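The values are calculated or read from the model by the stated rules, or taken from the named source; none is laboratory data. Keep in mind that what you see is a predicted model, and the values were worked out from it rather than measured. When we count neighbours, we look across all protein chains shown, and the Cβ atoms used for this are built from the backbone with ideal geometry, even at glycine.
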Amino acid sequence: MARILIVEDELAMRTALVDLLKANGYRVIAAIDGAAGLEQALEEKPDLVLLDIMLPGLDGFAVCREIRRRLPALPIIMITAKAQVDDRVTGLDAGADDYLVKPFSSRELLARIRASLRRFERGRASVDQVRIGDVQIDFKAQQCMRGGKRVDLTAKEFRVLRLLAERRGAPVTRDEFLEIVWGYNAYPTTRTVDNQILSLRNKLEPEPAHPRYLVTVHGVGYRLEMTEA
């Protein structure tokens with residue numbers, strides 16, 4: 001059964017969530033503040049995180065952004081008493097997959113957990129290998145073949161492609177590429193992303209000047225047109 005990390009500072013809520021999830025067969029890890037929650041997420045690599053926003057120390061938004069940078073595919077459901085639209089938007093922009101406002105029903109929470117885990121399993125199953133046109137990419141083996149011939153890709157190019165594949169056709173912004181693939185401490189620019197995409201198009205596209213698979217989403221970033229391997 002899936003392992004779920006609960007990051008919640010209120011004892012009564014944390015206890016209730018732990019009891020509910022255990023009663024439904026989940027294995028549970030719990031943390032009482034943002035720093036501990038982030039550490040648990042990175043060390044334990046759970047299958048899903050239930051993350052409160054109002055936490056001592058690091059708030060839930062900061063924790064969510066860092067988890068998303070380090071573990072881009074990990075499902076995160078934010079649970080909070082803050083119902084304002086701006087807070088929901090901030091949470092989703094920080095990388096949350098879903099958002100629940102307290103008080104919520106146990107049935108709804110469990111349904112959202114199941115839905116998030118299903119999406120995660122589909123994504124995890126399909127991201128190991130993808131095909132775009134006549135290009136076959138094996139992320140585990142770090143191997144790329146085009147028409148039966150090996151194509152040399154850098155480690156960063158594999159990471160760019162994997163991030164695109166994990167989004168399953170949804171666009172990835174330039175800022176997301178910079179944060180997740182490069183890390184802002186490397187001082188890259190959005191032009192760095194454009195140059196990397198151009199390099200990949202030259203290696204993978206039948207007509208690099210008219211890309212069919214590494215598609216520009218104007219004003220946003222890029223998305224990948226792929227078929228499951």
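A few comments on the model shown:
- For region 36-46, the count of residues that are within 15 Å of GLY91 (Cα to Cα) and at pLDDT 90 or above is zero.
- Any hit, region 16-29, residues being on the phi > 0 side of the Ramachandran plot and within 21 Å of the chain's Cα centre (by Cα): no
- Against the criterion of being at pLDDT below 90, in the same structural domain as LEU117 (by TED's automatic domain parsing) and acidic (Asp, Glu), ASP9 does not qualify.
- Region 81-94, residues that are buried (at least 20 other Cβ atoms within 10 Å of the Cβ) and either in contact with a Lys or Arg (Cβ under 8 Å, 6 or more places away or on another chain) or under 19 Å from ARG118 (Cα atoms) (or both): ALA94
- Hits in region 66-89 (condition: touching a residue at least 60 places away in the same chain (Cβ under 8 Å) and under 24 Å from ALA111 (Cα atoms)): ARG68, PRO72, ALA73, ILE79
- Search result, residues across region 24-33 that are among the small types (Gly, Ala, Ser) and modelled with pLDDT of 95 or more: ALA30, ALA31
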